[in-house]
Amino acid sequence: MDKQLLERVTQPLGHPSTSSSTTTGDTPGVNEPRRDYETGTGPSPQQRDAINQIFALLRYNYHNQFTKAFPDLEAVKTGKRLWLNLLAEYPADVLLKAAERAVKECTWLPNVHEIIVRCDLASSLGVPDSWNAYLEACRAPTPKREQRWSHPIVYLAGKASDWFFLANNIEEVAYPVYERNYAILLRRLLAGEALDLPMEKGLPDHVEHPLPRQEQQQRLRDLIADFDHPGRS
């Protein structure tokens, strides 16, 4: 395969338009729905970008095996659509992290199953996908800090996004901000960083209670008398 054809083979999938559906690539009749922010269905632009990056990563690291598995442009387009469909439940950052792990661990070109196995590492940590995390964060009553969260990063991403901003903007505006902050926290979590809710301040060992008003006045009179009559026992 010559260089020009290889560059065509690895061209990215198109991003969804603002219309109800978008034709991806040059194949007629293959429509991919735009993301429905109300139901969370359909691939997000971030997921599409992740699949494109994964295919580029695999092509670079498994050149001969990649070109054998995806010998022409149509094979690459079909492969990307298949992977996008099978991996749709995973956030973009999880997909990229799983692909990087697969490249480090696999001698041969990894298939989609091997990516899913590594994606499930995040799922095993009890981390919801970014859309469900966003819904959980927005629906939680105040005070937010005192609620029971499915995972601490759901709260931490909401706090980083600003609770007032999330509550006062429509989903198409607020969700991308939350999703970005959630992705950053998820990347840190997958890297092994411990992310927990901030600890409540504990009560001191000894709690001071104010004196009754009459006793305060009496002590003040005694203090004044000591100044007027120094040395008095």
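Every read-out reported here was derived from the displayed coordinates using simple, explicitly stated rules and does not represent laboratory data. Fair warning: this is a prediction, and the values are worked out from it, not measured in the lab. Neighbour counts are summed over all protein chains in view; Cβ atoms, including those assigned to glycine, are modelled from backbone coordinates with ideal geometry.
Dividing the convex hull volume of the Cα atoms of region 36-118 by its residue count, what figure in Å³ per residue is obtained?
Convex hull of Cα atoms, per residue: 83 Å³.
May I have the pair-distance distribution P(r) for region 130-190, computed from all Cα-Cα distances with 10 Å bins from 0 and rounded to whole percent?
25, 60, 15, 0
Compare the peptides 62-74, 78-90 by average per-residue count of other Cβ atoms within 10 angstrom and give them in order, highest first.
With the highest mean Cβ count within 10 Å placed first, the list reads 78-90, 62-74.
Please arrange VAL173, VAL127 by counting, for each residue, the other beta carbons lying within 10 Å of its beta carbon, fewest first.
So the residues, fewest neighbours to most, are VAL173, VAL127.
What net charge is computed for the residues neighbouring ASN132, neighbours being all others with C-beta under 12 Å from the C-beta of ASN132, Lys and Arg scored +1, Asp and Glu -1?
That works out to -3.
Based on other C-beta atoms within 10 Å, arrange TRP108, TRP131, TRP149 from fewest to most.
TRP108, TRP149, TRP131
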